[in-house]
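Chemist: Got a structure for you, written out below as structure tokens; questions coming shortly.
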Amino acid sequence: MKNKNAAKNIIFKIVSIVIFVILISLVLLILFLTITEFKPPLITSFEIEDDGKEKVSFDTDLKITSLNIGYASLGEEADFFMDGGKGVLANSKEEVEKNLKGIANILNELNADFNLLQEVDTNSKRSFNINQRKYFEENVFKTNSFYAENYKTNYVPFPIPPMGKVDSGLVTSTNYSIDHAERRSLSVPFKWPVRLANLKRCLLITKLPIEDSDKELVIINLHMEAYDDTGGRETQTRELLDIMEAEYNMGNYVIAAGDFNQSLYDVSELDFPNTEGHWTPGRIIEDILQDGFKYHTGDKKIPTSRLNNKPYEKGSEDTYHYIIDGYLVSPNINVKSVETIDANFKYTDHNPVVMEFNISE
């Protein structure tokens, strides 16, 4: 009997020690993430070099491309745990490199005057720590870009295996002259401690001088909240609109582009499978727009994104699509065309959306 009691005591002590170690580790992890939490100010201005680039001109046709590159890890082979799949990290470094090359080829073929990219990793475990901003500067832009971090944390402790370190954000590049560039923080809907390993959304705002004018062309790169049901997306959209309206009221020309994570068309208008039971974007709010402001995206038949519940299978029963990427423009922007390029989600879980426009006095 004494031997049995001794054995029970030993087991109890071992279990107690294991639980204690786990609890201490958890406390230390939360403490570490709290101390190192990414807390950007409301506005972070970027240094602008006088590079002698050409200024934007009135009545000149311009092209802008917006694309969420899915950190070059959400190509046709991928699924993602937050969408109902199992994937956390890219399958291999070679797959990330293949996706980067494919995305670069698409961007080079489109040859836009402005490239606005979302979910660009610069040093993240999930994409094998490849500096994707640098890759696009060397292989597409041929010039420096502006980078605004919206996901920066030393460790994401979930799921299994953990996502680990993430450094990711928005990238904007153009060959035209820029007067000013800044990162503007958006509201964070998450509370402590959830926010410690979560995104800190922002806008990447670039202002371009216009030839023979004191007004500016304002380009805003964005990626709104995704996995949130507290109204965070709607709040962030209103913050965006406040900025756009203030710029327009000063006489500037304003374009916001990116991944709104909100449907730009009423779901009933789209010929896509019903997404009930899966992630479903809310309808973007149109009745809060100032008179003359309009949303623009491509053809209703071509989706701009897919659900990563499984590797991509075009036309299969459980493949789900959305139209959540596009443009919001002020009334003084002359939109000539908007097209979604059907790239079949081969290299990323989004399709590029291209807009041609000009501005007039």
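Chemist: Considering only residues that are more than 15 Å from A90 (Cβ to Cβ) and either open to solvent by 10 Å² or more (accessible area, probe 1.4 Å) or among the acidic types (D, E) (or both), which ones fall in region 123-140?
Modeler: R133, K134, E137, E138, N139, V140
Chemist: Which residue pairs have Cβ atoms closer than 8 Å, lie 6 or more positions apart in sequence or on different chains, and pair a first residue in region 287-309 that is at positive phi with a second residue that is crowded, with 19+ Cβ neighbours inside 10 Å?
Modeler: Short answer, once both residue conditions are applied: G292/S330.
Chemist: Now a separate question. Quickly run through region 261-282 and pick out the residues that are surrounded by fewer than 13 Cβ atoms within 10 Å (Cβ to Cβ) and either on the phi < 0 side of the Ramachandran plot or in contact (Cβ under 8 Å) with a residue 40 or more places away in the chain (or both).
Modeler: Selection gives D266, S268, E269, D271, N274, E276.
Chemist: Hey, another quick one. Which one is nearest to N344 (Cα to Cα) among residues in region 108-144 that are touching a strand residue (DSSP E or B) at 6+ places or on another chain (Cβ under 6 Å) and among the aliphatic types (A, V, I, L, M)?
Modeler: Out of the qualifying residues, it is L110.
Chemist: Name the single residue that is most open to solvent (accessible area, probe 1.4 Å) among those in region 290-339 being of a type in the set (G, A, S) and in a strand (DSSP E or B).
Modeler: Of everything passing the filter in region 290-339, S337 is most open to solvent (accessible area, probe 1.4 Å).
Chemist: Separate question: Using the structure shown, decide if V88 is farther than 25 Å from L203 by Cβ, open to solvent by less than 70 Å² (accessible area, probe 1.4 Å) and in contact with a helix residue (DSSP H, G or I) (Cβ under 8 Å, 6 or more places away or on another chain).
Modeler: Criteria met by V88.
Chemist: Then there's this: Provide a single number: the residues in region 250-276 that are farther than 21 Å from R183 by Cβ and in a loop (DSSP other than H, G, I, E, B).
Modeler: Counting residues in region 250-276 that are farther than 21 Å from R183 by Cβ and in a loop (DSSP other than H, G, I, E, B) gives 12.
Chemist: Could I ask something else about it? Can you list residue pairs whose Cβ atoms sit under 6 Å apart, with the first residue in region 209-235 being under 27 Å from H278 (Cβ atoms) and the second being surrounded by fewer than 18 Cβ atoms within 10 Å (Cβ to Cβ) and of a type in the set (S, T, Y)? Count only pairs 6 or more apart in sequence or on different chains.
Modeler: Close Cβ pairs (under 6 Å, with a partner that is surrounded by fewer than 18 Cβ atoms within 10 Å (Cβ to Cβ) and of a type in the set (S, T, Y)) amount to T235/S187.
Chemist: So A90 clears everything in (1) assigned to a helix (DSSP H, G or I); (2) touching a Ser or Thr at 6+ places or on another chain (Cβ under 8 Å) except one condition, right? Which one?
Modeler: (1)
Table: residues versus (1) in a helix (DSSP H, G or I); (2) at positive phi; (3) not polar (S, T, N, Q).
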{"position": "E182", "(1), (2), (3)": "no, no, yes"}
{"position": "S187", "(1), (2), (3)": "no, no, no"}
{"position": "R195", "(1), (2), (3)": "yes, no, yes"}
{"position": "L203", "(1), (2), (3)": "no, no, yes"}
{"position": "D229", "(1), (2), (3)": "no, no, yes"}
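Chemist: Same structure again: Pull out all pairs, ordered by first then second residue, where Cβ-Cβ is under 9 Å, the residues are six or more apart or on different chains, the first lies in region 33-55 and is within 25 Å of F114 (Cβ to Cβ), and the second is among the β-branched types (V, I, T) and assigned to a loop (DSSP other than H, G, I, E, B).
Modeler: Qualifying pairs under 9 Å: I48/I178; D51/T143; D51/I178; K53/T143; K53/I178.
Chemist: Let me ask you something else. Anything in region 98-122 that is among the β-branched types (V, I, T), buried (at least 22 other Cβ atoms within 10 Å of the Cβ) and assigned to a helix (DSSP H, G or I)? List them, or say none.
Modeler: Correct list: I103 only.
Chemist: Quick test for you: out of E356, E247, pick the one residue that is part of a strand (DSSP E or B), at pLDDT 95 or above, crowded, with 16+ Cβ neighbours inside 10 Å and among the acidic types (D, E).
Modeler: Checking each option against the conditions leaves just E356.
Chemist: Oh, and also: Is one or more of the residues making up region 72-80 farther than 30 Å from N111 by Cα and either open to solvent by 70 Å² or more (accessible area, probe 1.4 Å) or at pLDDT below 95 (or both)?
Modeler: Taking region 72-80 first, the residues farther than 30 Å from N111 by Cα are 80.
Next cut, either open to solvent by 70 Å² or more (accessible area, probe 1.4 Å) or at pLDDT below 95 (or both) only: none.
Scanning region 72-80 turns up no residue that is farther than 30 Å from N111 by Cα and either open to solvent by 70 Å² or more (accessible area, probe 1.4 Å) or at pLDDT below 95 (or both).
Chemist: Suppose the filter is free of Cβ contacts under 8 Å to residues at least 40 places away in the same chain, under 17 Å from the mean Cα position of the chain (by Cα) and surrounded by 21 or more Cβ atoms within 10 Å (Cβ to Cβ); does F146 pass it?
Modeler: no
Chemist: Among F20, F58, which is the only one that is closer than 26 Å to L222 by Cβ and either of a type in the set (A, V, I, L, M, F, W, C) or open to solvent by less than 20 Å² (accessible area, probe 1.4 Å) (or both)? Working first, answer last.
Modeler: On the way: F20 fails: closer than 26 Å to L222 by Cβ.
F58 is the lone residue from the list that is closer than 26 Å to L222 by Cβ and either of a type in the set (A, V, I, L, M, F, W, C) or open to solvent by less than 20 Å² (accessible area, probe 1.4 Å) (or both).
Chemist: Could you run through region 63-99 and say how many residues are within 19 Å of N131 (Cα to Cα), more than 15 Å from the chain's Cα centre (by Cα) and in contact (Cβ under 8 Å) with a residue 40 or more places away in the chain?
Modeler: Of all residues in region 63-99, those within 19 Å of N131 (Cα to Cα) come to 67-75, 88-99.
Filter once more, keeping what is more than 15 Å from the chain's Cα centre (by Cα): 75, 88-99.
Of the ones still in play, those that are also in contact (Cβ under 8 Å) with a residue 40 or more places away in the chain are 75, 88-89, 98-99.
Residues in region 63-99 being within 19 Å of N131 (Cα to Cα), more than 15 Å from the chain's Cα centre (by Cα) and in contact (Cβ under 8 Å) with a residue 40 or more places away in the chain: 5 in total.
The values are calculated or read from the model by the stated rules, or taken from the named source; none is laboratory data. Being a predicted model, the structure only gives us computed values, none of them experimental. Virtual Cβ from ideal backbone geometry, glycine too; neighbours counted across all protein chains shown. Note: accessible area is taken over every heavy atom of the protein model, side chains too, but ligands, DNA and RNA are not part of it. Shrake-Rupley method; radii C 1.70, N 1.55, O 1.52, S 1.80 Å.
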